[in-house]
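Student: Below you'll find the structure I mean.
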Amino acid sequence: MTIQWFPGHMTRARRQIQEKLKLIDIVIELLDARVPMSSRNPMIDEILLDKPRLIILNKADLADPRATDRWISFFGGHGHPCIAVDSSTGTRVDEIPGRVQEILKEKIDRMRSKGMNPRALRALIVGIPNVGKSTLINRLAGRNIAETGDRPGVTKGQQWIKVGKELELLDTPGILWPKFEDELVGYRLAMTGAIREQILNIEDIAYFAVRELVERYWDALEERFGIDEPPADLENNQEIVRVMEDIGRKRGCLMSGGRVDLEKASGIILRELRAGKLGKITLEEPDPYA
Ligand code: G4P
């Protein structure tokens, strides 16, 4: 379910997260490793202020590992510790409690020096819809408890989920809105499946996908679909459409008269891209000057 975000929803979502911030020691900010920029809330720094934070690049199984390393360095360089995980299988998820301890080490030491027994650290997971919040909570909890709480405004009693002895998670994640103003962000989120197709036209999404793939991962397109003629000019719409048609032809998406069924071809391209069938793909690189 994709939320239709309206200003009222955004204000409410922000307020709900800010209320929860009082209860926790650290925020776990979940991003999609394939589109770390587009899956990031535009007001996140303003919302979280100086609350300690661990950034997690989720769905790292689908992302280009070299780009993921660059993103980890980028966030690290901006003072935000960051790790990449795959919540669907649990790869590297077990590093999260240790990283939280590291980030909050000073606080723990302070408690100890005052003679207090450090209590379990409390964390809130936040992120845009579909980034994998529920999957990660379930993975950390080791059982199936988190709801996909995609409806802004739904409040429930606060419950804590124990993750080992030293960490507790709020059972409901904080849901954030993405950066809608930028059309490219919308298309990138649609390409990765975070925004459902009903909102944008499927052929338009596939067009953007093919254009980005031609630019960054032509080899993957060539190998997966058996096509062999890259467009000479990326700015020429007809050439991108021609690549889509080539893919459609290879996959037998033909209508009467031999014309390529572009809608069908678009469905195939997006399904296979999202499922990782084209290999590990990242659509955004960090801007070293940002
Ligand atoms: P949310 O709470 O943030 O809204 O996201 P949720 O956990 O519901 O995850 C959204 C989709 O992303 C789910 O797929 C989930 O399985 C998938 N997912 C989450 N983390 C990872 C990951 O690290 N790697 C991969 N490859 N996928 C991940 P779905 O198709 O919507 O549901 P389902 O097929 O799992 O039932």
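Student: Compute the signed sum of charges (Lys and Arg +1, Asp and Glu -1) over the other residues within less than 10 Å, Cβ to Cβ, of GLU212.
Tutor: +1
Student: Top mean-square fluctuation among PRO230, PRO118, PRO81, Gaussian network model of the chain, C-alpha springs under 10 Å?
Tutor: Of PRO230, PRO118, PRO81, the most mobile in the Gaussian network model is PRO118.
Student: Also, quick follow-up: Identify which of GLY127, GLY115, GLY248 has the largest mean-square fluctuation in a Gaussian network model of the chain, with springs joining Cα atoms closer than 10 Å.
Tutor: GLY115
Student: Still on this model: Hey, what D do you get for the stretch 183-290 in µm²/s if you plug the Kirkwood alpha-carbon radius into Stokes-Einstein at 10 °C and 1.306 mPa s?
Tutor: 112 µm²/s
Student: Quick one: plug the Kirkwood hydrodynamic radius of the chain (C-alpha pairs) into Stokes-Einstein at 25 °C, 0.890 mPa s, and report D in µm²/s.
Tutor: Translational D for this selection: 120 µm²/s.
Student: List residues of the stretch 1-38, by number, whose backbone nitrogen lies under 16 Å from a label position 7 Å along Cα→C-beta of GLU46.
Tutor: 6-18
Student: Please list 94-105, 58-69 highest first by mean number of surrounding beta-carbon atoms within 10 Å per residue.
Tutor: 58-69, 94-105
Student: Given a Förster radius of 22 Å and the C-beta distance between ARG66 and GLU223 as r, what FRET efficiency does 1/(1 + (r/R0)^6) yield to the nearest 0.05?
Tutor: 0.75
Student: Given a cut-off of 30 Å, name the pairs among LYS20/LYS107; LYS107/LYS133; LYS59/LYS114; LYS105/LYS277; LYS162/LYS280 whose C-alpha atoms lie farther apart than that in the structure shown.
Tutor: From the list (LYS20/LYS107; LYS107/LYS133; LYS59/LYS114; LYS105/LYS277; LYS162/LYS280), the Cα-Cα distance tops 30 Å for LYS59/LYS114; LYS105/LYS277; LYS162/LYS280.
Student: If you keep only loop residues by DSSP, which trypsin sites (Lys or Arg not before Pro) in the stretch 175-227 have at most 13 other Cβ atoms within 10 Å of their Cβ?
Tutor: Loop-located and lightly packed - ARG196.
Student: Give the calculated FRET efficiency between LYS105 and GLN159 to the nearest 0.05, with a Förster radius of 25 Å applied to their Cβ-Cβ distance.
Tutor: Computed FRET efficiency for LYS105 and GLN159 comes out at 0.40.
Student: Looking at the stretch 1-46, which trypsin sites (Lys or Arg not before Pro) are DSSP coil and have at most 11 other C-beta atoms within 10 Å of their C-beta?
Tutor: The qualifying sites are LYS22.
Student: What is the Cα convex hull volume of the stretch 1-143 when expressed per residue in Å³?
Tutor: 123 Å³
Student: Write out the GluC sites (Glu not before Pro) in the stretch 189-290 meeting two conditions: DSSP loop, and at most 13 other Cβ atoms within 10 Å of their Cβ.
Tutor: Of the GluC sites (Glu not before Pro), the ones in loops of the stretch 189-290 whose Cβ has at most 13 other Cβ atoms within 10 Å are GLU235.
Values quoted throughout were computed directly from the atomic coordinates according to the rules given, and no laboratory measurement underlies them. Since this is a predicted model, take the numbers as computed values, not measurements. Cβ atoms come from the backbone with ideal geometry, glycine included; neighbour counts cover every protein chain shown.
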